[in-house]
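The values are calculated or read from the model by the stated rules, or taken from the named source; none is laboratory data. Since this is a predicted model, take the numbers as computed values, not measurements. All Cβ positions, even for glycine, are placed from backbone atoms using ideal geometry, and neighbour counts span all protein chains on display. These accessible areas exclude ligands, DNA and RNA; they are computed on the full protein's heavy atoms, side chains included. Shrake-Rupley method; radii C 1.70, N 1.55, O 1.52, S 1.80 Å.
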Amino acid sequence: MLALCLPVAAGAQSQSFRLGKWTEIRNAIIKELNMTYVDTLPVDRMNRKAVDAMLEELDPYTVYVPVEEDEELQMMVNKSYGGVGAVIYKPGKDEYVYINEPYEDSPAARAGLRCGDRIMAVDGESTLGLDAAQSSSRMKGDPGTDVRLLVKKLHGGEEIEITVTREKIHIPDIEYAGILEDGITGYISQTGFTLGVGDKVRETVSRLRKDGAERIILDLRGNGGGLLLEAANIVSIFVPKGSLVVTEKGNGNVVLEDVRTTKEPLDTQIPLYVLVDSGSASASEIVAGALQDYDRATILGRRTYGKGLVQSIRSLPYKGKLKVTIAKYYTPSGRCVQAIDYTHRNEDGSVGYIPDSLTHEFKTVGGRTVRDGGGVTPDIELKGVDYSRLTYSLVAYGVIDHYMLEYVKGHESIPALEDFHFTDADYEEFIKFALNEEFDYRSGARTYFDRMREELRRDKLEEAMAGQLSALERALNMEKEEFLRLKKSEIVPIIEQEIATRYYFQRGGARLRLRYDEQLKEALQRTSQN
């Protein structure tokens with residue numbers, strides 16, 4: 001026993017020695033620079049970069065959060081903040097702030113603010129000269145405090161001053177829930193795992209069953225996760241009380257906790273389907289992995305993100321915080337969905353291809369084979385939507401947001417969602433608008449061509465290949481208007497959803513999105529055949 005213990009003690013001592021050594025070296029360098037460096041040291045900037053660089057050596061989720069960024073952390077963890085409850089749009093510093101989208105039943109909505117209303121001043125200070133972050137910061141504040149807004153109404157044009165009392169704004173985790181057109185499928189679109197969402201999903205499932213649902217689809221696509229215990233609460237709706245949901249293992253592979261369901265199930269028999277994609281991460285993977293391991297749900301879509309790490313938030317001096325990875329989690333069958341190799345990830349950060357030879361087999365309760373190695377692999381693969389670079393640019397450059405302000409000027413209301421369509425004439429108006437907007441409308445192929453040409457220029461080969469390059473460039477060139485017409489079928493659904501959100505809030509936009517959700521339609525078709 002003594003022989004076994006000595007190496008462990010020596011290792012711990014060695015690590016403590018190295019930690020002390022580098023702390024002493026770092027402090028000595030800072031002290032020496034402070035005394036002898038020719039210019040004033042940018043101490044805060046230097047140390048922040050040093051801390052960030054140090055943590056980058058670990059994993060993407062262990063980060064330092066100074067006090068001034070605490071609000072962003074709370075928004076990320078709890079999806080809540082103190083404010084009036086509206087998304088704003090700021091075309092530029094020399095322009096006013098516009099209400100882009102008020103949240104349903106928010107102080108902004110109750111005060112009558114609508115998309116297109118212009119915020120000219122906040123608490124007497126003009127919004128001209130402010131950027132979007134500064135404008136947003138002035139409208140946010142502690143719940144219960146008042147903010148005075150000078151507003152120019154979009155429809156009518158009158159200028160009014162209103163006082164809005166800030167509240168704690170919580171963006172709902174259940175974006176939309178209802179019975180689909182087949183009359184028997186209850187559908188729940190869940191976007192997060194903040195406090196209380198487990199109870200809300202339980203209530204929603206109960207309501208859908210009363211409304212005639214004979215099966216449930218839980219849509220976790222794009223759901224980046226949240227609280228682990230809320231994931232367990234959602235699993236508890238469908239499996240017996242006391243079922244293992246996830247095991248946390250910390251430093252040295254020591255089991256920190258076995259998380260089990262603590263509530264009686266609502267329904268252990270109703271057919272259950274879970275939709276996932278490469279944006280489904282963390283708590284989403286816990287839910288999908290546990291339900292798959294118990295053969296309780298059919299998982300459909302694309303392989304999930306591959307984040308099997310647990311974070312804890314620790315307090316630091318000067319009111320800072322450290323969000324630190326303390327454990328890996330394992331599904332009931334023993335799988336860890338984490339892909340440690342961050343160098344082989346897709347562009348969106350999700351886990352890349354991993355050959356079966358580098359993974360391990362595990363068995364579900366029913367004896368089916370499942371594998372680890374990164375993410376949860378669905379039982380039924382579904383094709384995803386691949387948007388063109390043009391469509392991404394329209395969103396990223398704010399072209400569609402800017403167009404919304406123009407659209408609502410001419411439409412005080414729109415028909416009911418089931419009757420609303422963005423017509424061919426409407427799209428022609430959008431094209432005219434977009435032609436005057438600045439955005440990168442190059443195709444993906446053209447961007448690769450431009451990179452290739454730059455590399456050839458560096459290698460001094462551009463001139464030698466001038467003829468071939470000119471021919472290829474002519475073939476790849478496409479006018480902005482031509483490209484907009486070519487991609488109409490993928491742009492129109494996005495515009496329709498954004499318009500629906502402006503008039504019927506987030507719930508309306510999510511509901512309209514179902515009209516074009518080919519992956520969901522394929523899921524319904526594939527599951528009806530089983």
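Quick notes
- Considering residues of region 370-422 that are touching a residue at least 24 places away in the same chain (Cβ under 8 Å), more than 30 Å from ARG335 (Cα to Cα) and of a type in the set (D, E, K, R) only, the residue least open to solvent (accessible area, probe 1.4 Å): ASP401
- Any hit, region 512-530, residues being open to solvent by less than 50 Å² (accessible area, probe 1.4 Å) and closer than 30 Å to PRO107 by Cα: yes
- Scanning region 168-205 for residues that are within 17 Å of VAL235 (Cβ to Cβ), open to solvent by 30 Å² or more (accessible area, probe 1.4 Å) and at pLDDT 95 or above returns ILE174, ASP199, LYS200, ARG202, GLU203.
- In region 210-226, residue surrounded by the fewest Cβ atoms within 10 Å (Cβ to Cβ) [restricted to those that are free of Cβ contacts under 8 Å to residues at least 60 places away in the same chain and within 28 Å of the chain's Cα centre (by Cα)]: GLY222
- Looking at ARG474, ARG507, ARG485, just one residue is touching an Asp or Glu at 6+ places or on another chain (Cβ under 9 Å) and either open to solvent by 70 Å² or more (accessible area, probe 1.4 Å) or of a type in the set (Lys, Arg) (or both), and that residue is ARG507.
- Of the criteria (1) at pLDDT 95 or above; (2) more than 27 Å from the chain's Cα centre (by Cα), which one ASP459 fails: (1)
Quick grid of which residues meet (1) part of a helix (DSSP H, G or I); (2) at pLDDT 95 or above; (3) of a type in the set (Ser, Thr, Tyr):
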residue	(1), (2), (3)
ALA464	no, no, no
LEU469	yes, no, no
LEU472	yes, no, no
ALA475	yes, no, no
LEU484	yes, no, no
VAL492	yes, yes, no
ILE495	yes, yes, no
ALA500	yes, yes, no
ARG526	yes, no, no
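- Scanning region 148-167 for residues that are open to solvent by less than 60 Å² (accessible area, probe 1.4 Å) and touching a helix residue (DSSP H, G or I) at 6+ places or on another chain (Cβ under 6 Å) yields one hit, VAL164.
- Applying the condition of being more than 18 Å from GLU56 (Cβ to Cβ) and polar (S, T, N, Q) to region 294-311 and asking which residue is least open to solvent (accessible area, probe 1.4 Å) yields THR304.
- Search result, residues across region 421-434 that are more than 30 Å from the chain's Cα centre (by Cα) and assigned to a loop (DSSP other than H, G, I, E, B): THR423
- Set side by side, the residues GLY279, GLY289 differ, and just one is within 23 Å of the chain's Cα centre (by Cα), in a loop (DSSP other than H, G, I, E, B) and touching a residue at least 24 places away in the same chain (Cβ under 8 Å), which is GLY279.
- Scanning region 1-42 for residues that are charged (D, E, K, R) and within 24 Å of MET54 (Cβ to Cβ), we see that the one that is modelled with the lowest pLDDT is ARG18.
- So ASP267, is it of a type outside the set (Ser, Thr, Tyr), buried (at least 24 other Cβ atoms within 10 Å of the Cβ) and touching a residue at least 60 places away in the same chain (Cβ under 8 Å): no
- Residues that are in contact with a Phe, Trp or Tyr (Cβ under 6 Å, 6 or more places away or on another chain) and over 30 Å from TYR516 (Cα atoms) number at least 3 in the following strands (runs of 3 or more DSSP E) confined to region 130-249: 244-249.
- Residues of region 179-201 that turn out to be of a type in the set (Ser, Thr, Tyr) and within 17 Å of the chain's Cα centre (by Cα), as a count: 3
- Looking only at region 122-147, residues that are open to solvent by less than 10 Å² (accessible area, probe 1.4 Å) and without any contact (Cβ under 8 Å) to a residue 40 or more places away in the chain come to 2 in all.
- Any hit, region 333-345, residues being at pLDDT below 90, out of contact with any helix residue (DSSP H, G or I) (no Cβ under 8 Å at 6 or more places or on another chain), part of a strand (DSSP E or B) and more than 21 Å from ASN251 (Cα to Cα): yes
- Flag for ARG314 being within 24 Å of ALA177 (Cα to Cα) and either open to solvent by 20 Å² or more (accessible area, probe 1.4 Å) or assigned to a strand (DSSP E or B) (or both): no
- Any hit, region 433-449, residues being of a type in the set (Phe, Trp, Tyr), out of contact with any strand residue (DSSP E or B) (no Cβ under 9 Å at 6 or more places or on another chain), at pLDDT below 80 and open to solvent by 50 Å² or more (accessible area, probe 1.4 Å): yes
Yes/no matrix, rows are residues, columns are (1) assigned to a helix (DSSP H, G or I); (2) within 30 Å of LEU469 (Cα to Cα); (3) among the aliphatic types (A, V, I, L, M):
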position: TYR403; (1), (2), (3): yes, no, no
position: GLU406; (1), (2), (3): yes, no, no
position: SER413; (1), (2), (3): no, no, no
position: GLU418; (1), (2), (3): yes, no, no
position: GLU437; (1), (2), (3): no, yes, no
position: ASP440; (1), (2), (3): no, yes, no
position: ALA445; (1), (2), (3): yes, yes, yes
position: TYR448; (1), (2), (3): yes, yes, no
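- Tally, over region 284-341, of residues that are more than 30 Å from GLU522 (Cα to Cα) and not hydroxyl-bearing (Ser, Thr, Tyr): 19
- When GLU418, GLU437 are screened for being closer than 20 Å to LYS488 by Cα, within 29 Å of the chain's Cα centre (by Cα) and not β-branched (Val, Ile, Thr), only GLU437 passes.
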